[in-house]
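Novice: Here it is, the structure, as structure tokens.
Every number in this text was worked out from the coordinates using simple rules, so none of it is lab data. Here the structure is a predicted model, which is why all the values come from computation and not from measurement. Because the Cβ atoms are built from the backbone with ideal geometry, glycine has one as well, and the counts that use them run over all protein chains shown.
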Amino acid sequence: MGTVSDAEKKPAVIFVLGGPGSGKGTQCANVVEHFGYTHLSAGDLLRAEIKSGSENGMTLNLRPTEIYDEQGMVYTKSRQIRKLFFDEIGTMIQNMIKEGKIVPSDVTIKLLQKAMQESGNDKFLIDGFPRNEENRAAFEAVTEIEPAFVLFFNCPEEEMERRILSRNQGREDDNIETIRKRFNVFLESSLPVVEYYESKGKVRKVDAAKSVEEVFEAVKAIFTPKEEKVAV
Ligand SMILES: Nc1ncnc2c1ncn2[C@@H]1O[C@H](COP(=O)(O)OP(=O)(O)O)[C@@H](O)[C@H]1O
Ligand SMILES: Nc1ccn([C@@H]2O[C@H](COP(=O)(O)OP(=O)(O)O)[C@@H](O)[C@H]2O)c(=O)n1
Ligand SMILES: [Mg+2]
């Protein structure tokens with residue numbers, strides 16, 4: 001009695017935040033290789049959802065009873081999705097990404113939960129999420145998971161812009177017009193989330209303007225358990 005079974009144990013979650021182009025995805029790949037985490041990029045999951053939506057209808061299961069009741073999209077002031085047809089969700093995600101806007105957390109959290117369940121792992125790097133207060137509060141309310149810490153990549157805007165413009169991944173939002181919008185969203189909506197976790201002492205900040213190798217040295221130090229750092 002009173003013990004928590006493995007099935008009930010909450011997974012370990014690290015939020016990986018930083019401006020667009022700060023190197024979140026690059027460093028997450030390194031952490032996966034060295035520390036056995038599963039990397040979940042909210043942006044990648046949303047982009048995959050756009051693709052699957054256009055191929056076989058929507059794979060998300062958003063409140064099906066409401067979806068079949070009425071037609072079209074209805075947003076409340078809090079921007080939660082109330083009613084949306086399956087194939088409209090992909091289009092909505094696509095439009096929002098093109099504008100650099102944050103997709104309502106209903107969608108993103110469902111994608112994250114599904115990916116967590118399917119991974120079979122119990123430790124996750126959640127990259128690019130939470131990107132605003134709505135993301136943060138909804139994730140906490142829905143999953144009851146508190147991040148172990150927040151890994152924050154601090155990088156000057158000019159450097160992030162240079163990196164995005166030479167990223168060459170064919171992303172529709174990697175153009176100068178959308179980049180400017182994303183920077184604004186980052187400053188106005190995402191940095192306050194970092195400040196929230198800073199006030200709880202949970203932010204591990206890394207200078208992300210250095211080379212990939214140098215940044216990973218700093219990241220490694222954060223992930224290496226303290227006892228292993230002591231010379232023997
Ligand atoms: N430390 C670094 N120095 C130079 N270029 C980098 C560095 N880290 C990542 N990059 C490159 O910058 C671009 C953006 O990196 P990415 O990991 O996709 O960032 P994010 O996920 O934060 O947008 C990629 O082309 C990547 O190869
Ligand atoms: N939590 C999130 C993460 C990304 N996104 C959307 O996906 C876009 C790309 O996110 P990303 O994390 O792949 O971008 P980068 O920071 O890696 O450049 C964002 O600009 C948002 O439009 C979102 O709506 N909500
Ligand atoms: Mg990324």
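Novice: Please work out the C-alpha center-to-center distance from the stretch 24-54 to the stretch 116-185 and express it in whole Å.
Specialist: Here the two parts' Cα centres lie 10 Å apart.
Novice: Return the sequence-ordered ³J(HN,Hα) values of the stretch 40-48 in whole Hz as given by the Karplus equation 6.51 cos²θ - 1.76 cosθ + 1.60 applied to θ = phi - 60°, using x for Gly and Pro.
Specialist: 10, 8, 4, x, 4, 5, 5, 5, 5
Novice: Using amide H atoms built 1.01 Å from N in the peptide plane, name the residues 5+ places from Thr38, or on other chains, whose amide H lies under 5 Å from its own.
Specialist: Lys123, Phe124, Leu125
Novice: May I ask for the net charge around Ser41, where only other residues with Cβ less than 13 Å from the Cβ of Ser41 are counted and Lys, Arg are +1 while Asp, Glu are -1?
Specialist: It works out to a net charge of +1.
Novice: State which entries of Lys123/Lys210; Lys101/Lys200; Lys9/Lys205; Lys24/Lys202 exceed 25 angstrom in Cα-Cα distance in the structure shown.
Specialist: Over 25 Å apart, Cα to Cα: Lys123/Lys210; Lys101/Lys200; Lys9/Lys205.
Novice: Once the principal axes of the Cα atoms of the stretch 111-211 are found, what is the range along each, listed largest first in whole angstroms?
Specialist: Cα spread of the stretch 111-211 along its principal axes, largest to smallest: 37, 32, 27 Å.
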